[in-house]
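I have placed the structure first, in the form of structure tokens, so that the comments after it can refer back to it.
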Amino acid sequence: MVLAATGRFGTIGTFYPDEVLGLSFERYCLDKKLDAYPKIDTLIHGGGVVGEPLVRQDLAGARRVNVEKTGELVTQLIEDRGLKRLVYISSAHVYAPSGNNYRLPENSPLGPVNFYAEQKLEAELSLSDQLAKSDVELLILRVFSIFGTNGQGFTLGGRLRDLVHGKSVEIGNADDIRDFLTPSVVARAIYELAKGSHQGILNVCTGRPTRISEAVDSWFHVSNPKGRVSYVAGRSTFPFLVGDPAQLNSVLAKPLEFLPGEA
């Protein structure tokens with residue numbers, strides 16, 4: 001089976017096994033090293049304009065990439081490479097905010113609270129319609145909160161990276177509750193799911209609620225970064241974002257865990 005991925009060198013994609021080939025999405029063409037492969041059986045699609053700050057810089061341009069070009073890429077791979085399975089990497093932020101202590105199952109009400117999540121949901125719906133009458137398998141993965149030092153500068157991961165480099169960092173909304181996973185754990189789960197046959201929608205989560213400040217403190221304890229951290233108490237518009245992993249756990253070999261030491 002030939003397995004390829006967009007976003008191959010991003011926060012999550014960099015942790016995929018070597019056998020997962022990188023597909024150039026921004027240039028909208030197949031990488032030269034893929035020319036030797038007449039078929040691509042499975043695509044993990046995680047590339048695009050990622051994160052609310054980047055999307056806000058050019059809403060129309062981001063939508064063109066995240067929604068329209070996504071559909072065009074899938075069409076191209078079906079026609080040119082015989083694509084049989086698509087794993088689309090979405091976000092848990094497509095869900096509507098829930099009450100405290102409520103773990104979101106996959107059938108929870110939808111209600112994106114920012115433009116990035118709106119585009120993720122639009123892409124989910126568009127791909128579902130596009131592939132409904134085809135033989136291509138579709139698996140949508142709604143990934144919960146990523147906790148790693150290789151994130152973009154405006155993310156929590158970017159702040160962790162600053163701490164590693166010895167900078168003083170202030171983290172806001174420190175009382176928010178999240179369902180954290182490190183990029184390496186998420187990558188391993190995506191890879192396992194991509195090689196399987198499950199279709200539909202799955203949360204990629206642990207079901208374990210963790211306060212942001214507690215997660216950072218746990219990472220601090222095992223990593224001993226050079227920088228100093230301070231917290232700003234308070235909560236965001238999405239104060240509690242924790243998934244129900246029941247469906248995921250029925251598919252994976254074992255439940256996922258939050259491992260701060262792998263951040």
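The values are calculated or read from the model by the stated rules, or taken from the named source; none is laboratory data. Quantities reported herein were computed from a predicted structural model and do not represent experimental measurements. Heads up, the Cβs are rebuilt from the backbone with ideal geometry, glycines too, and the neighbour counts pull from every protein chain shown.
Numbers below:
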{"read-out": "Answer residue from the range 100-119, given it is of a type in the set (Gly, Ala, Ser) and surrounded by 17 or more Cβ atoms within 10 Å (Cβ to Cβ) and is nearest to PRO209 (Cα to Cα) among those", "value": "SER108"}
{"read-out": "Qualifying position, being hydroxyl-bearing (Ser, Thr, Tyr), under 18 Å from ALA92 (Cα atoms) and at pLDDT below 95, among SER223, SER168, SER236", "value": "SER236"}
{"read-out": "Tally, over the range 78-93, of residues that are farther than 25 Å from VAL186 by Cβ and in contact with a Phe, Trp or Tyr (Cβ under 9 Å, 6 or more places away or on another chain)", "value": "1"}
{"read-out": "Qualifying residue in the range 250-262 (condition: modelled with pLDDT under 95 and polar (S, T, N, Q))", "value": "no"}
{"read-out": "Selection within the range 180-199 - within 12 Å of PRO17 (Cα to Cα) and in contact with a Pro (Cβ under 8 Å, 6 or more places away or on another chain)", "value": "TYR191"}
{"read-out": "Residue check for GLY157: out of contact with any strand residue (DSSP E or B) (no Cβ under 7 Å at 6 or more places or on another chain), in contact (Cβ under 8 Å) with a residue 40 or more places away in the chain and of a type in the set (Gly, Ala, Ser)", "value": "no"}
{"read-out": "Residue match in the range 128-137 (condition: of a type in the set (D, E, K, R), surrounded by 19 or more Cβ atoms within 10 Å (Cβ to Cβ) and at pLDDT 95 or above)", "value": "no"}
{"read-out": "GLY148 vs. criteria surrounded by 20 or more Cβ atoms within 10 Å (Cβ to Cβ) and assigned to a loop (DSSP other than H, G, I, E, B)", "value": "yes"}
{"read-out": "Test: residue in the range 108-123 that is farther than 30 Å from GLY82 by Cα and more than 18 Å from the chain's Cα centre (by Cα)", "value": "yes"}
{"read-out": "GLY166, sole failed condition from (1) within 21 Å of ILE44 (Cβ to Cβ); (2) surrounded by fewer than 16 Cβ atoms within 10 Å (Cβ to Cβ)", "value": "(1)"}
{"read-out": "Leading residue by the ranking (surrounded by the fewest Cβ atoms within 10 Å (Cβ to Cβ)) among those in the range 68-91 that are among the hydroxyl-bearing types (Ser, Thr, Tyr) and in a helix (DSSP H, G or I)", "value": "THR75"}
{"read-out": "Leading residue by the ranking (farthest from THR70 (Cα to Cα)) among those in the range 118-135 that are in contact with a helix residue (DSSP H, G or I) (Cβ under 6 Å, 6 or more places away or on another chain) and of a type in the set (A, V, I, L, M, F, W, C)", "value": "LEU121"}
{"read-out": "Residue match in the range 72-90 (condition: aromatic (Phe, Trp, Tyr), closer than 22 Å to LEU248 by Cβ and out of contact with any helix residue (DSSP H, G or I) (no Cβ under 7 Å at 6 or more places or on another chain))", "value": "no"}
{"read-out": "Residues satisfying the stated conditions in the range 92-116, i.e. closer than 24 Å to ILE12 by Cα, touching a residue at least 40 places away in the same chain (Cβ under 8 Å) and outside any strand (DSSP E or B)", "value": "ALA92, HIS93, VAL94, ARG103, PRO105, GLU106, VAL113, ASN114, PHE115, TYR116"}
{"read-out": "Condition check for LEU163: among the aliphatic types (A, V, I, L, M), within 18 Å of the chain's Cα centre (by Cα) and farther than 21 Å from TYR16 by Cβ", "value": "no"}
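Yes or no, residue by residue, for (1) surrounded by fewer than 19 Cβ atoms within 10 Å (Cβ to Cβ); (2) at pLDDT below 95; (3) under 12 Å from the mean Cα position of the chain (by Cα):
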position: GLY7; (1), (2), (3): no, yes, yes
position: PRO17; (1), (2), (3): yes, no, no
position: GLU26; (1), (2), (3): yes, yes, no
position: CYS29; (1), (2), (3): yes, yes, no
position: ASP35; (1), (2), (3): yes, yes, no
position: PRO38; (1), (2), (3): yes, yes, no
position: ILE44; (1), (2), (3): no, no, yes
position: VAL50; (1), (2), (3): no, yes, yes
position: PRO53; (1), (2), (3): yes, yes, no
